[in-house]
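The values are calculated or read from the model by the stated rules, or taken from the named source; none is laboratory data. Every value quoted in this text rests on a predicted model; they were computed, and no experiment measured them. Positions of Cβ are backbone-derived with ideal geometry, glycine not excepted, and every protein chain shown enters the neighbour counts.
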């Protein structure tokens, strides 16, 4: 179970694809920071000391969009690792779209279908979305949710 995995790397981050079952759309956020200003991404961020992946995601989502579903079922999509950084990407189905309450890290949001991602995507997210295995997982998961 996801809750039991602890962060073992100092620089571990996680992000989540929120997929709305009723509209067949994904949530994206427009970043507002010096490094990635103007790029679209997904909710998430860096884990704090001793946080599990789900605890870190829940905290980051509450901070960034004031939303995290009770009893969220997080499906791992990808784990990216290099010498100093680990990033986990998850998928979570929700029944209805919501209006995110954005913090100062973001200046906009959109709900889009799987074929119309906003541009430009954050470079890391662009790489994730363009892996065949990730595309296959997302297609399988959205079919199950429908």
Residues satisfying the stated conditions in segment 22-52, i.e. closer than 19 Å to residue 142 by Cβ, in a loop (DSSP other than H, G, I, E, B) and in contact with a strand residue (DSSP E or B) (Cβ under 8 Å, 6 or more places away or on another chain): 23, 42, 43
Selection within segment 64-100 - surrounded by fewer than 11 Cβ atoms within 10 Å (Cβ to Cβ), over 26 Å from residue 143 (Cβ atoms) and at pLDDT 95 or above: 99
Restricting segment 104-123 to residues that are surrounded by 14 or more Cβ atoms within 10 Å (Cβ to Cβ) and not in a strand (DSSP E or B), which is nearest to the chain's Cα centre (by Cα)? 122
Restricting the search to segment 33-44, which residues are touching a helix residue (DSSP H, G or I) at 6+ places or on another chain (Cβ under 7 Å) and at negative phi? 41, 42, 43
In segment 83-101, which residues are more than 19 Å from residue 14 (Cβ to Cβ) and touching a residue at least 60 places away in the same chain (Cβ under 8 Å)? 95, 96, 97
For segment 60-82, does any single residue satisfy the condition of being in a loop (DSSP other than H, G, I, E, B) and touching a residue at least 60 places away in the same chain (Cβ under 8 Å)? yes
